[in-house]
Structure formats: structure tokens, C-alpha cells
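Each remark here refers to the structure printed beneath this line.
Read-outs: derived from the displayed coordinates by stated rules, not from any lab. Since we're looking at a predicted model, the values are computed, not measured. All Cβ positions, glycine included, derive from the backbone under ideal geometry; neighbour counts span all protein chains shown.
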Amino acid sequence: LMIRTELIHAVRRHQLSLFYQPLLNAKGEIASVEALLRWHHPQHGFISPADFIPVAEGSSLIIELGEWVLMEACRFIRELQEQGICPPMVSINVSARQFHQDEFAPKLLATLQEQGISPAHIELELTEHVLLTDLQQVRQTMTQLREAGISIAVDDFGTGYSSLSYLQELPLNRLKLDASFIRDMGNGEASASIVKAMIDMSHSLNLEFVAEGVEIQSQFEQLKAYHCDLYQGYLFHRPMPGEELSALLVRLG
Ligand code: G
Ligand code: G
Ligand code: MN
Ligand code: NA
């Protein structure tokens with residue numbers, strides 16, 4: 001309850017910020033970045049989105065937060081452009097309640113247009129849970145988004161215990177395999193085989209495959225041998241403030 005009340009003021013009091021974590025391709029280039037919300041509370045310090053997102057999801061607060069995240073991502077993309085830096089695609093996490101609100105796609109597209117941001121700069125991360133609630137409506141919304149040029153990734157892939165048939169039915173771009181699979185890869189042949197099979201499946205469906213939570217070199221080597229497309233994790237970069245990312249982009253040219 002404390003969190004809910006305080007969260008209502010957090011936006012207005014400028015306590016929220018976006019951090020960005022790069023996703024690298026096999027050549028080590030930054031292919032895109034994931035935007036991750038951060039809340040710095042003046043008394044309680046840093047509060048994890050793992051703690052406050054579920055609270056926000058309990059009410060329309062999540063809609064307001066989602067709108068703030070989108071505006072902030074747009075502001076950041078424009079700032080990079082003004083500095084002469086070519087902005088990477090920015091992935092935004094979208095929760096169920098946001099995605100299933102009325103007019104989600106047209107509102108999002110209108111905001112991008114107002115902000116002067118090309119939809120090609122934006123990817124949405126949706127969990128299997130979001131995708132499988134009202135598949136008919138999800139397909140419709142997603143088609144509108146894809147036709148406008150927005151990319152769609154399945155986040156935490158593999159944790160939803162769902163049938164995989166939706167992968168053929170929805171216009172997806174990427175699968176982001178949940179970090180737990182990457183952690184288990186070192187624990188034996190079977191776990192590694194699962195990851196390899198998922199990579200092969202995603203390629204046969206023309207989807208890009210992202211490994212999340214890559215923390216050690218041996219995981220990276222193994223994933224490269226399996227032809228994983230994109231890599232995200234502490235081995236490469238931790239989530240960082242926007243200024244740090246723009247400095248990194250300048251350094252990399
Ligand atoms: O960055 P971190 O590991 O602390 O994030 C914890 C969780 O919070 C992750 O599941 C992530 O998807 C979620 N999260 C981070 N930022 C956002 C956001 O802007 N919107 C939503 N809906 N979830 C977010
Ligand atoms: O649920 P989602 O995939 O959106 O959550 C991503 C979360 O994973 C973010 O909170 C991010 O801070 C965290 N994260 C990113 N890379 C790593 C990593 O290598 N190890 C661990 N433990 N967490 C990571
Ligand atoms: Mn995510
Ligand atoms: Na994830």
C-alpha cells in the first residue's frame with residue numbers, strides 16, 4: 001500500500017528513470033537495447049521494478065507508467081539523434097493490462113507520430129501470458145503494430161508452459177529465451193540440447209533468437225556454436241543510464 005501511494009507521486013517527482021541494456025549480435029555490435037524502469041525513492045532508495053510493477057499492474061497506474069516509459073524512450077531517441085548518434089532500436093516491456101487496454105495500438109502509434117519517432121525504432125516485449133490472453137484480439141492489435149513497423153518480441157520465452165502453436169499464428173520478430181535456460185545450460189547435455197532445439201525452431205520460424213542473462217564466457221561460446229542471434233547479459237553490459245549508453249555509442253562509433 002505504501003508503494004502504491006508513493007508510486008502515484010513518483011512520476012511527478014521525477015523519481016523514475018529508464019536504464020538501457022544492450023543486446024549484442026554475434027559480431028559484438030549493439031543490435032538494440034532493452035529499456036528497464038528504475039525508481040529512486042528519496043527515503044527508501046532504489047526500488048526494483050520486480051517489486052513495484054506487480055503493484056502497478058493491480059490498477060490503472062500501470063497505464064500511466066507505461067505512457068511515461070514510452071515518452072521517456074522517445075525523448076532519449078530524439079536526444080541521441082540530436083547528438084548525431086544513430087539510435088539503436090529500443091525494446092519496451094509491456095504488461096498485460098497495458099496491451100489489452102482499448103485502442104492500445106492506435107494510441108501508441110499516435111504518440112510516436114507526435115514525438116517524431118519512427119516505429120522502426122521501437123520493439124515491444126510481451127510475455128507468453130500476455131500473448132495467450134484473448135489470442136484473437138492479440139493478433140489484431142499485433143497486426144496493426146507490425147504493419148506500422150513496430151517489432152514484437154516474446155519475453156521470458158519458455159516459462160509460460162503453453163502450447164507453441166501461437167508462434168505460427170502471431171506476427172512475431174524475436175524470441176527472448178528466459179535466463180533460467182541459460183543458467184541450466186552448464187548442468188548437462190539435456191539442458192544444452194533444449195537450448196539448441198529452441199534456437200533451431202526459432203530459425204525455422206524465421207524468428208531472431210535472443211539469449212537473456214548471459215553471465216559467463218562458456219555460455220556465450222556454447223550459444224555461438226548453436227548460432228544464437230543476439231546476446232544480453234552481465235557478461236557484456238549491465239543496464240545503464242541513458243548518458244552512459246550514449247557515451248558508449250559514441251565510443252563505438
Ligand atoms: O531490470 P530488472 O531485472 O530489475 O526488471 C525486473 C522486472 O521488471 C523484469 O521482469 C522486467 O521485465 C520488468 N520491467 C522493467 N521495466 C519495465 C517497464 O517499463 N514496464 C514493465 N511492464 N515491466 C518492466
Ligand atoms: O523479465 P525481463 O526479461 O524483462 O527482465 C530482464 C531483467 O533481467 C532485467 O531486470 C535485467 O536487469 C536483468 N538482467 C539482465 N541481464 C542479466 C544477467 O546477466 N543476469 C541476471 N541475473 N539478470 C540480468
Ligand atoms: Mn524484458
Ligand atoms: Na525475460
*Return yes when residue 35 is over 25 Å from residue 10 (Cβ atoms), within 16 Å of ligand 2 (Cβ to nearest atom) and not in a helix (DSSP H, G or I) and no when it is not.*
no
_Quick check on the stretch 190-210. Is at least one of its residues under 19 Å from the mean Cα position of the chain (by Cα) and within 16 Å of ligand 1 (Cβ to nearest atom)?_
yes
*Working only within the stretch 4-58, note down all residues that are of a type in the set (D, E, K, R), under 30 Å from residue 173 (Cα atoms) and more than 15 Å from ligand 4 (Cβ to nearest atom).*
27, 29, 38, 51, 57
*Which residues, taken from the stretch 141-176, are farther than 13 Å from residue 125 by Cβ and within 16 Å of ligand 3 (Cβ to nearest atom)?*
158, 159, 160
*Members of the stretch 128-183 that are touching a helix residue (DSSP H, G or I) at 6+ places or on another chain (Cβ under 7 Å), part of a helix (DSSP H, G or I) and not hydrophobic (A, V, I, L, M, F, W, C)*: 129, 139, 141, 144, 166, 169
*Mind counting the residues in the stretch 73-96 that are more than 16 Å from ligand 3 (Cβ to nearest atom) and not aromatic (Phe, Trp, Tyr)?*
13
*Which one is nearest to ligand 2 (Cβ to nearest atom), of the residues in the stretch 137-162 that are more than 20 Å from residue 107 (Cβ to Cβ) and among the polar types (S, T, N, Q)?*
159
_Hits in the stretch 89-117 - residues which are of a type in the set (S, T, N, Q), within 16 Å of ligand 2 (Cβ to nearest atom) and part of a helix (DSSP H, G or I)_ = 98
*All but one of (1) in contact with a Ser or Thr (Cβ under 7 Å, 6 or more places away or on another chain); (2) more than 30 Å from residue 208 (Cβ to Cβ) hold for residue 60, so report the exception by its number.*
(1)
*So which residues in the stretch 102-119 are polar (S, T, N, Q) and within 19 Å of the chain's Cα centre (by Cα), if there are any at all?*
111, 118
*Within the stretch 81-88, identify whether any single residue is of a type in the set (Asp, Glu), in a helix (DSSP H, G or I) and either touching a residue at least 40 places away in the same chain (Cβ under 8 Å) or in contact with a helix residue (DSSP H, G or I) (Cβ under 8 Å, 6 or more places away or on another chain) (or both), and answer yes or no.*
no
*When both residues are 6+ apart or on different chains and their Cβ atoms are under 8 Å apart, which pairs have a first residue that lies in the stretch 9-21 and is within 16 Å of ligand 2 (Cβ to nearest atom), and a second that is basic (Lys, Arg)?*
16/38; 17/38; 18/38; 19/38; 21/238
*Any chance you could count how many residues in the stretch 113-137 are in contact with a Leu (Cβ under 9 Å, 6 or more places away or on another chain) and surrounded by fewer than 20 Cβ atoms within 10 Å (Cβ to Cβ)?*
4
